[in-house]
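Heads up, the thing below is written out as C-alpha cells.
Values in this text are rule-based calculations from the coordinates and carry no lab data. Only a predicted model underlies this, so the values are computations on that prediction, with no experimental measurement involved. Don't worry about glycine lacking a Cβ; one is built from the backbone with ideal geometry, like all the others, and counts go over all protein chains shown.
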Amino acid sequence: MANTPYPQSYYAASANPVPPRPALQEEVQTDVCVIGAGYTGLSSALFLLESGFKVTVLEAAKVGFGASGRNGGQIVNSYSRDIDVIERTVGPKQAQLLGHMAFEGGRIIRERVAKYNIQCDLKDGGVFAALTPKQMGHLESQKRLWERFGHTQLELMDQKRIREVVDCDQYIGGMLDMSGGHIHPLNLALGEAAAVESLGGKIYEQSPAIRIERGANPVVHTPQGKVRAKFIIVAGNAYLGGLVPELAAKSMPCGTQVITTEPLSDDLARSLLPQDYCVEDCNYLLDYYRLTGDKRLIFGGGVVYGARDPANIEAIIRPKMLKAFPQLKDVKIDYAWTGNFLLTLSRLPQVGRLGDNIYYSQGCSGHGVTYTHLAGKVLAEALRGQAERFDAFAELPHYPFPGGQMLRVPFSALGAWYYSLRDRLGF
Ligand SMILES: Cc1cc2nc3c(=O)[nH]c(=O)nc-3n(C[C@H](O)[C@H](O)[C@H](O)COP(=O)(O)OP(=O)(O)OC[C@H]3O[C@@H](n4cnc5c(N)ncnc54)[C@H](O)[C@@H]3O)c2cc1C
C-alpha cells in the first residue's frame, strides 16, 4: 500500500519525534470512528475520550498531513465571516450563541497545550494590519462588535503604534488581539494525537476511509480493515474527496502557499517583529506571517481556487514578502509548500448530521485553527446529547457555488479579483 509522507515543509523538518502508527488491518469495534487526524478530528477525539467514549481515528496519510500540519500557525479568533454577518443571516439569538463561542477555540488550544504539556512554541499576540482607511474603519467596528460579545484584550493601533510591533511601512494602523497568537501547527497536532493515545484512543495512519456503510450500525471500510461504530465523525475537510458526496456539493477545496526563510539573525528577527506577534493584513486575499521558534520568517498568502498546486511557490510568495519587508532581499528561502483549506460560499463552517449517527464539521474557509478546536468540543457535546451549540452551527444556511462544479473555480477567481481590486483602490 502507498505510504503518503508529509510535504517537504519547515514543519515536517522540525516536527517533534513521534511513534510509528500502524495501518488498520483488522476489524475493530468502537463507540466513535473519527475520519481524519487534523485538528477537527483530534479535537473531537480528545473531548470524546475525556467524556468516556471509546474512539478510533482513521487517517489517510499521517497525523496533521492536511491543513492542520501546514498552516500559518496563526491563532485567529472568530470565524471567516464575522458575527455581524451571522446576526444579519440568522438573527440575534443564534448570533448571541455563536458570538460567545467565537474566542473559545483559542482558549481550548491553550488549555490543551498546558494540560498535555504540548511543545509547540505557543506565543501570545496577533495583529490585524490595515492598509487603507476603509480597512481601519472595519477594524474599529470589529473591535466594538467583539467587545459586545465579551471579548476584550483588543487594542487599536495608529500608524506610529503599529510600527512598534511590525517594521513594515505599508500599514496605516491595525488591531492587536492579545488572545490571538501563534503555534507550530504540526507539533500541536502531534501533541494532540499523543494526548488522544494517552487516554486510550487508537489512531491508524495510512488508513483512508474508502466507504461508509450507513445505517443503524455504521461501518467504515479501509483498504485492509473495517471499523464498526455507534457514531462516525467526518473530519476530512479539503482532503476528503468524494467519500461523502453531500459534503462535496457545497464546498470547494482551495490552495494557499507558504514560504519559510533561513534562520534570521537575532537582530533582524527582533527588528521585524519585536514582540514576536503574528500578523495578517486585512486584504481580501490576505498576507500572513510570523517568526518561528528558531527565528525564521514564515510568510503565506494568495489563494488558488480549486486547489491546483502551483509549479513555483517561491516565485509567487517571495515578491509579496519583499513588498512587506524589502530588508529581506538577500535572505534565502529554505522551504515552500502548499496546503488546502475548504471554502464555503458563506465562508461559515458547515456542521451537521447525516442520518442519526454520522456527524461532520468542515469548511472554515481559511481561518480554522481556533474554530476546529471549538468544533471538536461542540461535536462531542452533541454526541453526549447536548446539541444546543451544535444546532446553532448546524442551522447556518449553506448554498452551492454559482456555476456548479464546472464553473465555480473561474467564478470564484473573478470574485476574488474584484475584491482584490477594491482593496488596492481602497474602496
Ligand atoms: C497553507 C495554509 C495556511 C493556513 N493558515 C492558517 C492560519 O494561520 N490560521 C488559521 O486559523 N487557519 C489557517 N489555515 C486553515 C486551517 O489550517 C484549517 O482550517 C484547519 O487546519 C482545518 O483542520 P481540519 O482538521 O478540519 O482539516 P485538515 O487539517 O485538512 O485535516 C483533514 C485530515 O483528514 C484526512 N482525511 C481526508 N480524507 C480522509 C479519508 N477518507 N480517510 C481518512 N482520513 C482522511 C486528511 O489526510 C487530513 O489529515 C490555513 C490553511 C492552509 C492550507
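Most simply put, the chain has about 70% antiparallel DSSP beta bridges, counting only bridges with both residues inside it. Only Lys, Arg, Asp and Glu carry charge here, each on its Cβ (+1 for the first two, -1 for the last two); on that basis segment 147-211 has a dipole of about 260 debye about its Cα centre.
Dipole orientation for segment 286-371: of the candidates Asn340, Gly355, Ala311, Ala311 has the Cα lying most toward the positive pole (charges on Cβ; Lys, Arg +1; Asp, Glu -1). Seen through its C-alpha gyration tensor, with square-root eigenvalues sorted a ≥ b ≥ c, the chain comes out prolate because a/c lies at 1.5 or above while a/b is bigger than b/c.
What does the C-alpha gyration tensor say about the overall shape of segment 64-193? Classify as rounded when a/c is under 1.5, otherwise prolate if a/b is larger than b/c, or oblate. Oblate shape, in that a/c is at least 1.5 and b/c is the bigger or equal ratio. For segment 184-259 versus segment 1-66, the inter-centroid distance based on Cα atoms is 8 Å. Comparing Met157, His221, Cys168 along the charge dipole axis of segment 151-224, the residue lying farthest to the positive side is His221, per the Cβ-charge model. In this structure the amide hydrogen of Val28, modeled in the peptide plane, comes within under 5 Å of the amide hydrogens of Lys226, Val227, Arg228, none closer than 5 places in sequence on its chain. Among the listed pairs Lys134/Lys320; Lys115/Lys202; Lys54/Lys230, those whose Cα-Cα separation exceeds 18 Å are Lys134/Lys320; Lys115/Lys202.
Taking amide hydrogens as placed 1.01 Å from N in the peptide plane, the amide H of Ser346 sits under 5 Å from those of Tyr399, each at least 5 positions away in sequence or on another chain.
Toward the positive end of the charge dipole of segment 63-133, with +1 on the Cβ of Lys and Arg and -1 on the Cβ of Asp and Glu, the farthest Cα among Ala95, Ile118, Gly105 is that of Ile118. Only Lys, Arg, Asp and Glu carry charge here, each on its Cβ (+1 for the first two, -1 for the last two); on that basis segment 253-334 has a dipole of about 200 debye about its Cα centre. Amide hydrogen proximity for Cys282: with H placed 1.01 Å from N in the peptide plane, the residues at 5 or more positions away or on another chain lying under 5 Å are Ala129, Leu131.
Just check segment 92-133 against the gyration tensor rule for me: Cα atoms, a ≥ b ≥ c as the square roots of the eigenvalues, rounded for a/c under 1.5, and otherwise prolate or oblate depending on whether a/b exceeds b/c. Since a/c reaches 1.5 but b/c is at least a/b, the shape of segment 92-133 is classed as oblate. Among Ser265, Ser80, Ser44, which one shows the biggest mean-square fluctuation in a GNM of the chain, springs joining Cα atoms closer than 10 Å? Sorting by GNM fluctuation, first place goes to Ser265. Using only side-chain charges placed at the Cβ, +1 for Lys and Arg and -1 for Asp and Glu, the dipole size of the chain relative to its Cα centre rounds to 620 debye.
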